[in-house]
Amino acid sequence: MSAPVSRWTPADLDRPAPPDVALPVLDAAAAPRTLPGWDLWDPAPVRTPAGGPARIDGGELWQALSAPAAGDPGARHDTARLRLLAGAPGAWRDLGPLLPDGASLGSREWAASLVLDDERGTLDVLYTAAGGRDGTLPRFTQRIVATSARAVRTGDGGLRLTDWTPHREVLGADGVLYDRTDTDDGEPGFITAFRDPFPFRDPADGREWLLFAASAAGSASTFNGAVGLAAATGDGGYRLAPPLLRADGVTTELERPHVVVHGGRHHLFISTQARTFAPGVTGPTGLYGFVAPALTGPYRPLNGSGLVLRNPPAEPYQAYSWLVLPDLRVAAFVDMHSLGGRTPDDVTAAGPETARRHFGGTLAPFVRLRIDGDRAGPAGPA
């Protein structure tokens with residue numbers, strides 16, 4: 001790859017964003033719990049080999065991270081498991097845990113990418129294994145693991161998964177391009193990243209790639225978020241390549257990176273939180289985007305600063321983990337809502353019951369994204 005690594009800089013964040021990128025304040029009643037008894041976050045469609053959402057029994061097949069809806073919602077990451085659901089907003093059905101009990105290579109499962117291939121009758125899974133199943137690995141070690149199952153559609157609109165292949169690590173940080181994640185302690189938002197796999201077949205040339213959230217090695221700043229890239233090797237593996245985007249001195253996290261090709265150009269999207277920006281750099285929790293003539297860049301920030309969607313100033317923590325679909329629908333989950341000027345730390349300090357009352361743990365209403373050249377923003381409900 002000869003293209004230089006694209007950079008997101010503090011100067012980009014100094015550029016004013018358009019005033020119309022803020023989402024409306026969410027009425028909690030408008031986003032009832034998607035699956036009773038379960039917290040859900042980081043939602044994503046199960047995709048077809050062509051990249052669109054897979055459909056099942058007249059609806060769409062989705063996946064999300066899940067944990068029982070009890071106690072401190074901030075602890076959900078420590079017990080997270082991938083879960084399948086099917087249907088549509090207001091009519092979701094729980095299809096249960098994705099992976100069999102005890103199958104994961106980690107102590108918990110973080111964000112994943114799933115591809116349902118009806119022609120082959122398989123479900124291919126790339127997921128983030130965090131920690132070690134046997135307790136021997138550092139708690140925040142992250143690596144990308146592959147497995148697949150035979151997938152059979154059932155008569156009741158479900159999906160039966162059998163004959164799982166052995167789970168195998170296909171990608172980990174090398175310490176040269178990407179910082180290693182071998183730490184036992186960390187604070188959410190500030191741990192080294194190697195997670196959130198997103199396989200992408202480039203329509204420009206048919207080549208297959210894997211994007212992931214990473215931390216750039218060799219940075220002069222501890223705020224060294226990056227969008228990692230790896231090239232498919234043709235044998236089910238991947239070879240690390242230089243990052244698509246570096247954010248040295250900007251933020252610790254460029255989470256859930258993904259690419260949408262629209263109007264003949266490649267649009268790279270990430271989510272990040274206000275609290276993860278470097279000292280002296282300010283930006284709201286939101287969806288940020290970049291545009292390039294090719295997958296490998298060069299990328300420039302949409303709207304000048306990169307900000308595409310943000311939470312409303314009155315409720316700056318109400319949603320997170322945005323994901324743009326090929327049809328420009330945008331998914332997210334309801335995070336901390338109805339705070340009325342308080343911060344998540346304020347309600348957490350008041351105790352688990354208070355935090356629980358303000359945590360959504362459910363899919364947010366879909367919105368529609370508009371893209372017009374180098375400008376982008378919300379276009380209303382989807």
Next item on the list: Hey, can you tell me all the residues within region 98-136 that are surrounded by fewer than 19 Cβ atoms within 10 Å (Cβ to Cβ) and more than 24 Å from F194 (Cβ to Cβ)?
Entry: P100, D101, D117, D118, E119, R120, G121, T122
Margin query: Checking the conditions here, which among A274, A173 is under 21 Å from G132 (Cα atoms) and at pLDDT 95 or above?
Written below: A173
Note to self: Restricting to region 277-298, count the residues that are of a type outside the set (A, V, I, L, M, F, W, C) and over 17 Å from G249 (Cβ atoms).
What the structure shows: 8
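Condition check ((1) at pLDDT 95 or above; (2) in a helix (DSSP H, G or I)) across all residues:
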residue	(1), (2)
A3	no, no
D12	yes, yes
D20	no, yes
L65	yes, no
Next item on the list: Please state which one of D335, D327 is at pLDDT 95 or above, open to solvent by 20 Å² or more (accessible area, probe 1.4 Å), within 27 Å of W38 (Cβ to Cβ) and not in a loop (DSSP other than H, G, I, E, B).
Entry: D335
Notebook entry, point to check: Would you call S66 surrounded by 21 or more Cβ atoms within 10 Å (Cβ to Cβ) and in contact (Cβ under 8 Å) with a residue 60 or more places away in the chain?
Noted result: no
Margin query: Please pick out the residue among R139, R150, R160 that is free of Cβ contacts under 8 Å to residues at least 24 places away in the same chain and surrounded by fewer than 20 Cβ atoms within 10 Å (Cβ to Cβ).
Written below: R160
Next item on the list: Give the residues of region 78-96 that are open to solvent by 60 Å² or more (accessible area, probe 1.4 Å) and closer than 23 Å to R133 by Cβ, sorted by residue number.
Entry: D78, T79, R81
Next item on the list: May I ask you to verify whether V176 is open to solvent by less than 40 Å² (accessible area, probe 1.4 Å), of a type in the set (V, I, T) and at negative phi?
Entry: no
Margin query: I'd like to check which strands (runs of 3 or more DSSP E) are fully inside region 192-295 and have at least 1 residues that are touching a His at 6+ places or on another chain (Cβ under 9 Å) and open to solvent by less than 40 Å² (accessible area, probe 1.4 Å).
Written below: 194-201, 208-215, 255-262, 265-272, 286-292
Margin query: Just checking, does region 40-62 include any residue being surrounded by fewer than 15 Cβ atoms within 10 Å (Cβ to Cβ), touching a Gly at 6+ places or on another chain (Cβ under 9 Å) and farther than 30 Å from T154 by Cα?
Written below: no
Margin query: What's the total number of residues in region 296-311 that are assigned to a loop (DSSP other than H, G, I, E, B) and either touching a Ser or Thr at 6+ places or on another chain (Cβ under 7 Å) or surrounded by fewer than 24 Cβ atoms within 10 Å (Cβ to Cβ) (or both)?
Written below: 8
Note to self: Just checking, does region 341-353 include any residue being open to solvent by less than 20 Å² (accessible area, probe 1.4 Å), in contact with a helix residue (DSSP H, G or I) (Cβ under 9 Å, 6 or more places away or on another chain) and at pLDDT 95 or above?
What the structure shows: no
Next item on the list: Just give me the residues in region 312-323 being within 11 Å of the chain's Cα centre (by Cα) and either charged (D, E, K, R) or surrounded by 23 or more Cβ atoms within 10 Å (Cβ to Cβ) (or both), in sequence order.
Entry: Y320, W322
Check: Which residues, taken from region 354-373, are open to solvent by less than 40 Å² (accessible area, probe 1.4 Å) and assigned to a loop (DSSP other than H, G, I, E, B)?
Finding: A364, F366, G373
Next item on the list: Pairs only if they're at least six apart or on different chains, beta carbon under 6 angstrom, first in region 228-256 and under 21 Å from A319 (Cβ atoms), second open to solvent by less than 40 Å² (accessible area, probe 1.4 Å) and β-branched (V, I, T); list them, first residue then second.
Entry: T251/T272; T251/T276; T252/T276; E253/T272; E253/T276; L254/V227; L254/I270
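The values are calculated or read from the model by the stated rules, or taken from the named source; none is laboratory data. In this text the structure is predicted, and so the values were computed from the model without any measurement. Positions of Cβ are backbone-derived with ideal geometry, glycine not excepted, and every protein chain shown enters the neighbour counts. All accessible areas refer to the heavy atoms of the entire protein, side chains included, with ligands and DNA or RNA removed. Shrake-Rupley method; radii C 1.70, N 1.55, O 1.52, S 1.80 Å.
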